[in-house]
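Report on one structure; see the data block that follows.
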Amino acid sequence: MSSHPSVGPSPSPGASTRRVAPIEDAIAAIAAGRMVILVDDEDRENEGDIVVAAQFATAENINFMAKEARGLICVALPSDRIDALGIGPMAARNEAPLGTAFTVSVDAALCIGSGVSAADRALTVQEMVRPDSTRADFRVPGHMYPLRARPGGVLVRAGQTEGGVDLSRLAGLQPGAVICEIMNPDGTMMRLDALLEFGRRHAMPVVTVADLIAYRLDHEPLVRPVAEVSLPTDYGDFRCIVFENAADTAVHAALVMGSPTRDEPTLVRVHRADLLTDVFGLDGALRLPTTPGAPLPTVAAGSRLDLSLRRIAAEGKGVLLYLGTQNDGEAARQTLRTVSASLRSTGTPRLAGPPAMNFREFGIGAQILWQLGLGKLRIIANHPFPLIAGRGFGLDVVEWVPLTPPS
């Protein structure tokens, strides 16, 4: 196995050409204690948040957010900081559509009022980023809403929670940010044109998550190829390229057939690792039908993996991206619980299959696809999902290819 993979550093995706400010302007503003506006995805009608570094939280900027932005005022913090403070999740099962990781609300124990005043909320934020604060310095429930940012920031999850933490860290400050969605006076969410005018009126640079992703890819990519080998399989000959992730211990693999290019649409399957189904064939009788056009049953991960490889092999070119996980043990336990419950109720082992893909959670996969030289994607999936901030990764989905047997 080669220790010098052929996938080397790639030029980073281009930045936005819209009327937004460069990321450097936002970093400078954050470092100076000023507020900025971070737009979720300028290519869609998404939302903008006011962002200010947590250590610069004041009664004045908290009050400004409450009066002018009108959204929910939260404090985004790194995952390890949330753990150090001993603050638990708001709900045992997170059902938020975008996976926003709310914790229980808190007030600083030093608050002189109920905790809801702008001064009390600013004090709570300051206490949360004070290095020697502990769980004893807070009471629950309270009036500030901490959000747990994913390790790796926007390169892992393309959201304002991670973006706020990234901006404060890039500015050389304590990682953490106060964020608040910006609403119109009528209560609707403010969109890009209005956000640009809002920023101009209040002297706040407006930047996008996509541009923050591109900036970080330029300066600190999270994934790197560590090994490559030619891999003959029952499906044909692939190159197997292994990637390491600096944000966690997960290892990922790309099976590449042919020679994909940046400008040519390439067949891609993004597959979550599932130990029991992928390796041991736990899905058993749930294999997909081999007759083209036959009805598609509910299938498990192993069947999807097999069919995706056959689809790529039939075209002679494509990429299967196999995303590892830090929680193989927990995933296996959950799979076994599902099978056990199915056996008890129906006498037949059935699997729920993997959760729906969402590229908001697949920044790591997007980085790998870019490093492999891809730009235009034909994604194999029965249920299309949004490619959140895909422009920041230099990727564009040009086609959704159903997960059906090749004809």
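Quick rundown of the values:
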| read-out | value |
| --- | --- |
| Criterion (outside any helix (DSSP H, G or I), aliphatic (A, V, I, L, M), modelled with pLDDT under 65 and surrounded by 14 or more Cβ atoms within 10 Å (Cβ to Cβ)) met by exactly one of Ile379, Ile388 | Ile388 |
| One residue from Asn46, Asn61 being crowded, with 18+ Cβ neighbours inside 10 Å, part of a loop (DSSP other than H, G, I, E, B) and not acidic (Asp, Glu) | Asn46 |
| Pairs with Cβ under 7 Å, 6+ apart, first in the range 300-312 and in the same structural domain as Ile380 (by TED's automatic domain parsing) and under 14 Å from Thr404 (Cβ atoms), second buried (at least 21 other Cβ atoms within 10 Å of the Cβ) and modelled with pLDDT under 80 | Ser303/Asp283 |
| Yes/no for Pro260 being assigned by TED's automatic domain parsing to the domain that holds Leu395, modelled with pLDDT under 95 and not hydroxyl-bearing (Ser, Thr, Tyr) | yes |
| Selection status of Ile73, out of contact with any strand residue (DSSP E or B) (no Cβ under 6 Å at 6 or more places or on another chain), closer than 11 Å to Cys180 by Cβ and surrounded by 14 or more Cβ atoms within 10 Å (Cβ to Cβ) | no |
| Residue within the range 159-171 that is part of a loop (DSSP other than H, G, I, E, B), crowded, with 23+ Cβ neighbours inside 10 Å and at pLDDT below 95 present | yes |
| Index of the failed condition, Tyr145 passing every other in (1) within 21 Å of Met183 (Cβ to Cβ); (2) modelled with pLDDT under 95 | (2) |
| Lone unmet requirement of (1) without any contact (Cβ under 8 Å) to a residue 60 or more places away in the chain; (2) more than 24 Å from Arg391 (Cα to Cα) for Glu244 | (2) |
| Test for Asp80: is it surrounded by fewer than 16 Cβ atoms within 10 Å (Cβ to Cβ) and not assigned by TED's automatic domain parsing to the domain that holds Arg391 | yes |
| Qualifying residue in the range 87-106 (condition: at pLDDT 95 or above, outside any loop (DSSP other than H, G, I, E, B) and either under 28 Å from the mean Cα position of the chain (by Cα) or more than 30 Å from Arg191 (Cβ to Cβ) (or both)) | yes |
| Those residues of the range 116-133 which are among the small types (Gly, Ala, Ser), in contact with a helix residue (DSSP H, G or I) (Cβ under 7 Å, 6 or more places away or on another chain) and closer than 23 Å to Lys67 by Cβ, in sequence order | Ala118, Ala119, Ala122 |
| Residue among Ala227, Ala247 that is part of a strand (DSSP E or B) and closer than 22 Å to Thr325 by Cβ | Ala227 |
| Subset of the range 113-140 [closer than 20 Å to Ile179 by Cα and basic (Lys, Arg)] | Arg121, Arg130 |
| Selection count, the range 175-221, where residues are among the hydroxyl-bearing types (Ser, Thr, Tyr) and either assigned to a helix (DSSP H, G or I) or buried (at least 20 other Cβ atoms within 10 Å of the Cβ) (or both) | 2 |
| Test: Glu315 is at pLDDT below 75 and outside the structural domain of Val207 (by TED's automatic domain parsing) | no |
| Residue check for Leu167: farther than 13 Å from Arg216 by Cβ, in contact with a helix residue (DSSP H, G or I) (Cβ under 8 Å, 6 or more places away or on another chain) and among the hydrophobic types (A, V, I, L, M, F, W, C) | no |
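Residue by residue, here is whether (1) without any contact (Cβ under 8 Å) to a residue 40 or more places away in the chain; (2) assigned by TED's automatic domain parsing to the domain that holds Val209; (3) among the polar types (S, T, N, Q) holds:
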residue	(1), (2), (3)
Gly113	yes, yes, no
Ala118	no, yes, no
Gly142	yes, yes, no
Arg148	no, yes, no
Gly153	no, yes, no
Thr161	no, yes, yes
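The values are calculated or read from the model by the stated rules, or taken from the named source; none is laboratory data. This is a predicted model, so every value here is computed, not measured. Every residue, glycine as well, gets a Cβ built from its backbone with ideal geometry; the counts of neighbours run over all protein chains shown.
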